[in-house]
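The values are calculated or read from the model by the stated rules, or taken from the named source; none is laboratory data. Please read all numbers here as calculations on a predicted model, not as lab measurements. Neighbour counts are summed over all protein chains in view; Cβ atoms, including those assigned to glycine, are modelled from backbone coordinates with ideal geometry.
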Amino acid sequence: MVVIDTEFVDLETPTGLMRTHIVRPAAAGKLPGILLYSEIFQVTAPIHRTAVQLAGHGYVVAVPEIYHEYEPLGTVLKYDQAGSDRGNELKTTKPVKAYDDDARAVLAHLASRPDCTGRLGVMGICIGGHLAFRAAMNPEVSGAVCFYATDIHKGGLGLGMKDDSMARAGEIKGELLMVWGRQDPHIPTEGRMKVLERLNEVGARLNWHEVNGAHAFLRDEGVRYDPEHARSMLGLALELFHRTIAIGSGDSAASPVITNH
């Protein structure tokens, strides 16, 4: 039986302290690590519940606050127009280098933890999907899952809105799962096809899934939530992490009983 513990650590980065939420089985033992990136709203209740689901399958999950330089530690933006406006503003205020520095800080923390095997994966949702795509360029990342990753197709992440994610796609050496909603206006068909063409061009170890769903279909709050798509696509994510970072990586957790502390 596994109890899920939650805590946080404040990690040093070149741009200041970054609060990072840790969700893990409470039982002793070494487990693989997953860096989980949130949407633009930071670590909301739905993001925390996603982290709990991952942890319940035997992972140490680290969820950083992506806008730690601009908002007080612990800030959660609301799922309303003001929250959306602020999140989108900060998305293109923060330099791409700072996002990349943050990724390395979280990956280094996971690798150094006594409860982590050092085998690492990344996952992200919305802007977090793009950040997970970039984090997967780090050689220690063996598996990456990107849910409806915004702005990769148009290079629109960060200050100046001229990121190099497509150009650097060949640096992703781990197995990659890209999940999209076909009714997502933020990543139209032509945008998705640009990403697919580039990943095929660089020979990525690619799994590609499109569902008939809207943007934010994974978020278990709001009208766009699709529980069937969420269940099946999260299942694919867990299968990827099982293959890439869990098998042979040390003791695994038993079936979870979830509690929060």
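General observations
- Subset of segment 163-185 (residues that are surrounded by fewer than 16 Cβ atoms within 10 Å (Cβ to Cβ) and more than 20 Å from residue 138 (Cα to Cα)): 182, 183, 185
- Within segment 188-200, considering residues that are surrounded by 15 or more Cβ atoms within 10 Å (Cβ to Cβ) and under 26 Å from residue 243 (Cβ atoms), the one farthest from the chain's Cα centre (by Cα): 198
- Assessment of segment 185-194 against the conditions (touching a Gly at 6+ places or on another chain (Cβ under 9 Å), over 20 Å from residue 53 (Cα atoms), at pLDDT 95 or above and not polar (S, T, N, Q)) yields at least one matching residue.
- Tally, over segment 77-114, of residues that are under 21 Å from residue 48 (Cα atoms), acidic (Asp, Glu) and surrounded by fewer than 16 Cβ atoms within 10 Å (Cβ to Cβ): 1
- Any chance residue 38 is touching a strand residue (DSSP E or B) at 6+ places or on another chain (Cβ under 9 Å) and under 22 Å from residue 151 (Cβ atoms): yes
- If you go through segment 58-76 and keep only what is assigned to a loop (DSSP other than H, G, I, E, B) and crowded, with 21+ Cβ neighbours inside 10 Å, you end up with 58, 59, 65, 66, 67, 68.
- Residues of segment 94-141 classified as under 17 Å from residue 11 (Cα atoms) and hydroxyl-bearing (Ser, Thr, Tyr), total: 2
- Per the listing 15, 20, the residue uniquely of a type in the set (Ser, Thr, Tyr), on the phi < 0 side of the Ramachandran plot, assigned to a strand (DSSP E or B) and touching a residue at least 40 places away in the same chain (Cβ under 8 Å) is 20.
- Among (1) under 21 Å from residue 166 (Cβ atoms); (2) outside any strand (DSSP E or B), the one test that residue 49 misses: (1)
- Look at (1) within 17 Å of the chain's Cα centre (by Cα); (2) at positive phi and you find that residue 203 fails only one, number (1).
- Filtering segment 93-110 to residues that are closer than 19 Å to residue 157 by Cα and touching a strand residue (DSSP E or B) at 6+ places or on another chain (Cβ under 9 Å) leaves 102, 103.
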